[in-house]
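The values are calculated or read from the model by the stated rules, or taken from the named source; none is laboratory data. All figures in this text were calculated on a predicted structure; none of them were measured in a lab. Neighbour counts run over all protein chains shown; Cβ positions are idealised from the backbone, glycine included. Side chains are part of the model used for accessible areas, which takes the heavy atoms of the whole protein and leaves out ligands, DNA and RNA. Shrake-Rupley method; radii C 1.70, N 1.55, O 1.52, S 1.80 Å.
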Amino acid sequence: MILVTGAAGFIGSQVATLLLEQGHEVVGVDNLDVTYDVRLKEWRLARLREQPGFTFQRVDITERGAVDALFEQGAPEGLVNLAAHAGVQASIDDPWAYYATNLTGTLNLLEACRAHGVGKFVLSSTSSAYGARGGAFREDDHTDRPLSPYAASKKAAETLCYTYHHLHGLDVSVLRYFTVYGPAGRPDMSIFRFIRQIAEGETLRVTGDGTQSRDFTFVEDVARGTVASLRPLGYEVINLGCDQPESINGVIATLEGLLEKPAQVTYVPSRPADVPTTSADITKARRLLEWEPRTRLAQGLARAVEWYRVNRDWLVEAPLP
């Protein structure tokens with residue numbers, strides 16, 4: 001059995017689905033918080049409940065007693081920790097929530113794994129750990145200058161995972177995700193917002209001049225890499241990215257074509273936590289996980305647009321940050 005935290009989340013639901021397709025039993029954990037429209041989490045969770053081998057437990061990983069009780073029901077073979085407070089800007093307003101989930105929550109899970117002899121731990125981390133730098137990001141680049149509490153909390157969790165590997169022999173894969181997008185994405189992420197706003201004739205608010213680029217990575221590709229990282233690796237930090245960055249203006253132009261509507265864009269000044277580019281060196285993922293992305297940006301955006309069209313009746317009401 002594999003335990004997946006954040007199972008009702010964007011990436012977590014995809015990881016759980018893939019594990020189920022591969023024949024694993026999956027216990028999905030989520031607290032179903034209201035950080036964004038909970039109907040999205042319920043939509044994802046409903047599809048997981050339809051699949052044999054899936055069990056759901058509503059647990060908040062920041063509550064140590066609840067985590068201990070969960071493990072006392074049965075320890076998993078491995079754990080994929082996708083429960084997180086994500087997003088750069090919101091972490092500036094409420095850093096406490098980010099540290100509670102991303103660091104204390106991770107500590108609770110690591111302790112439970114140690115106490116119950118769980119051999120494998122996968123941590124979702126972020127390209128934000130690299131801060132502002134040029135060129136393709138490598139896992140051995142320095143990550144000691146995070147630009148936001150979100151990035152700092154994830155870097156702290158990475159370090160804590162190494163400590164548990166060193167002291168207790170826990171096998172750990174730390175995955176640094178690069179701008180994940182796709183169907184059923186979060187409404188605080190750019191792709192969801194851009195699709196909704198272009199489709200409905202709303203104004204897009206873009207920070208910076210739109211020439212900044214991101215290494216957009218399709219969610220199903222990220223799920224494949226995450227599941228592959230459950231293999232024994234010791235302790236490894238691994239980038240999961242598309243390795244083909246695209247500018248924000250380029251993404252908007254592609255979406256205009258897919259939606260057959262012009263975008264109404266307002267540009268506002270960049271913020272201190274913004275970075276000019278993210279770009280993943282995925283040499284290590286290819287070598288250790290035999291993984292590389294399969295979905296190019298235009299194809300992935302088309303699938304996200306189609307999902308929006310099918311579910312428009314309720315997505316049009318989803319609050320945007």
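Looking across Arg133, Arg114, one residue alone is in a helix (DSSP H, G or I) and either under 19 Å from the mean Cα position of the chain (by Cα) or basic (Lys, Arg) (or both). It is Arg114.
Taking region 233-261 as the search range and keeping residues that are over 30 Å from His165 (Cα atoms) and touching a residue at least 60 places away in the same chain (Cβ under 8 Å), which one is surrounded by the fewest Cβ atoms within 10 Å (Cβ to Cβ)? Once the filter is applied, the top-ranked residue is Lys261. Identify all residues within region 289-319 that are within 23 Å of Gly225 (Cα to Cα), in contact with an Asp or Glu (Cβ under 9 Å, 6 or more places away or on another chain) and outside any helix (DSSP H, G or I); write none if there are none. Scanning region 289-319 gives Trp291, Glu292, Pro293, Arg294, Thr295. Evaluate the following for Ala69: is it closer than 24 Å to Tyr308 by Cα and modelled with pLDDT of 95 or more? In short, no.
The sole residue among Ser153, Ser125 that is under 23 Å from Ile2 (Cβ atoms), in contact with a Leu (Cβ under 9 Å, 6 or more places away or on another chain) and touching a residue at least 12 places away in the same chain (Cβ under 8 Å) is Ser125. Kindly establish whether Trp291 is surrounded by 14 or more Cβ atoms within 10 Å (Cβ to Cβ), of a type outside the set (A, V, I, L, M) and over 30 Å from Glu200 (Cα atoms). Judged against the criteria, Trp291 is a match. Inside region 12-37, residues that are open to solvent by 30 Å² or more (accessible area, probe 1.4 Å), modelled with pLDDT of 95 or more and among the aliphatic types (A, V, I, L, M) make up a count of 1. Among the residues making up region 112-142, those that are over 26 Å from Arg287 (Cβ atoms), in contact with a helix residue (DSSP H, G or I) (Cβ under 9 Å, 6 or more places away or on another chain) and open to solvent by 50 Å² or more (accessible area, probe 1.4 Å) are Arg114, Ala115, His116. Arg145 fulfils the conditions (1) out of contact with any His (no Cβ under 8 Å at 6 or more places or on another chain); (2) at pLDDT 95 or above except for a single criterion, (2). Restricted to region 80-103, and to residues that are out of contact with any His (no Cβ under 7 Å at 6 or more places or on another chain) and β-branched (Val, Ile, Thr), which residue is least open to solvent (accessible area, probe 1.4 Å)? Within region 80-103, the match that is least open to solvent (accessible area, probe 1.4 Å) is Val80.
Just one of the numbered conditions (1) of a type outside the set (D, E, K, R); (2) over 25 Å from Thr126 (Cα atoms); (3) touching a Phe, Trp or Tyr at 6+ places or on another chain (Cβ under 6 Å) is not true of Gln73: (3).
Considering (1) within 30 Å of Asn311 (Cα to Cα); (2) at pLDDT below 95; (3) surrounded by 14 or more Cβ atoms within 10 Å (Cβ to Cβ); (4) not aromatic (Phe, Trp, Tyr), the lone condition that Arg44 does not fulfil carries the number (2).
Thr106 meets all of the listed conditions (1) open to solvent by 30 Å² or more (accessible area, probe 1.4 Å); (2) at pLDDT 95 or above but one, namely (1). Only residues that are buried (at least 17 other Cβ atoms within 10 Å of the Cβ) and farther than 20 Å from Met189 by Cα: list them for region 209-232, please. Correct list: Arg224, Gly225, Thr226, Val227, Ala228, Ser229, Leu230. Scanning region 178-222 for residues that are over 16 Å from Arg294 (Cβ atoms) and assigned to a strand (DSSP E or B) turns up Thr203, Leu204, Arg205, Val206, Thr207, Ser213, Arg214.
Among the residues that make up region 271-282, is at least one of them open to solvent by less than 60 Å² (accessible area, probe 1.4 Å), outside any loop (DSSP other than H, G, I, E, B) and free of Cβ contacts under 8 Å to residues at least 24 places away in the same chain? No, there is no match, as no residue in region 271-282 is open to solvent by less than 60 Å² (accessible area, probe 1.4 Å), outside any loop (DSSP other than H, G, I, E, B) and free of Cβ contacts under 8 Å to residues at least 24 places away in the same chain.
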